[in-house]
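Comments concern the structure below.
The values are calculated or read from the model by the stated rules, or taken from the named source; none is laboratory data. None of the values given here were measured: they were computed from a predicted structure. Note that we place each Cβ from the backbone using ideal geometry, even for glycine, and neighbour counts take in every protein chain shown.
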Amino acid sequence: MIQIFGPGSLWLTGLLFFTAIFGRYVLFSLGFWWLFNVSMKQQFTHRAVQNRPRKPGQDWREIGWSVITSLIFTLMAVAVILAYNSGYGLIYTDFNAYPLVWYPFSILLVLFIHETYYYWLHRWMHRPGVYKLVHKTHHDSLTTSPWTAFSFHPTESTLQAIIIPLLTFVIPLHTSAIGIILVIMTISSAINHLNTEIYPHNFNTHWLGRWLIGATHHSLHHTQFRFNYGLYFTFWDKWMNTESPDFHRLFKEKTAKSGLGVRSEE
Ligand SMILES: [Zn+2]
Ligand SMILES: [Zn+2]
């Protein structure tokens, strides 16, 4: 058993994890914001999903909630490290510990379980008694931005933060696979809250694209509330008939003038 961090460096471990978790949020949110609102502003202005201006001070409120979310994620990470160092959990560091095919499969499996957990948690958080206490903070952002990606009430952050640490006790996961999953989670959340549709024309009907959530899909959740509950993928919304009836029309509208077509119909 390799000790990931020594027992005497708990505060240092926490500080490193907080820097990595909050830094990852800042890096991807800032990166996506800069790319589509500054660097390629001209090409993407017409792809803004919501044109309603954001509330004054919204960016800083979202960043403030994201600091608390990052602290909660850090506590979970430290708990997992402590458990690992005490010999609990199924995290592994040797690539040869399991057949190589397990590595990509374990990532897909965790994403599927995370999606399923979040979809049903999210539907529960929209129940009238729960919504105000737990989920309203995230919905304060009617017009989203990449900063909305981690903007949650601490109760919601905790509910979101427990699932992947729990999975490390039942599913063998390589340390780098966990890193990949966390990066996918951040990229997906930044894209979904970007408020600029970056996917190509017809991606909503593409064999792969139809299963991926993007800015238009998730923006409709923030404006309509009762549709599009998914996290990374659309399958639960499709299976449970909770995909917004406006999604395909709006996606087509937002990508109509795009030169990035999957099939060149225009
Ligand atoms: Zn919601
Ligand atoms: Zn959201």
Test: GLU243 is exposed (fewer than 11 other Cβ atoms within 10 Å of the Cβ) and either at pLDDT 95 or above or not in a helix (DSSP H, G or I) (or both): no
Being of a type in the set (Phe, Trp, Tyr) and away from ligand 1 (no atom under 13 Å from the Cβ) is the filter here, so list the residues in the range 125-158 that pass it. TRP147, PHE150
When the residues of the range 148-168 are filtered to those that are more than 11 Å from ligand 2 (Cβ to nearest atom) and not aliphatic (A, V, I, L, M), which remaining residue is nearest to PRO53 (Cα to Cα)? HIS153
Pick out the one residue from ILE171, ILE191, ILE187 that is more than 16 Å from ligand 2 (Cβ to nearest atom), in contact (Cβ under 8 Å) with a residue 12 or more places away in the chain and either in a helix (DSSP H, G or I) or surrounded by fewer than 20 Cβ atoms within 10 Å (Cβ to Cβ) (or both). ILE171
For the range 81-107, which positions are of a type in the set (A, V, I, L, M), in contact (Cβ under 8 Å) with a residue 24 or more places away in the chain and closer than 20 Å to ILE184 by Cα? ILE91, ILE107
Is it true that ASN202 is under 21 Å from THR116 (Cα atoms) and of a type outside the set (A, V, I, L, M)? no
Looking at the range 216-234, I want the residues that are at positive phi and have a partner that is surrounded by fewer than 21 Cβ atoms within 10 Å (Cβ to Cβ) and assigned to a loop (DSSP other than H, G, I, E, B) with Cβ atoms under 6 Å, at least 6 apart or on another chain. Which pairs are those? ASN228/SER244
Can we say GLU156 is surrounded by 23 or more Cβ atoms within 10 Å (Cβ to Cβ), acidic (Asp, Glu) and without any contact (Cβ under 8 Å) to a residue 40 or more places away in the chain? yes
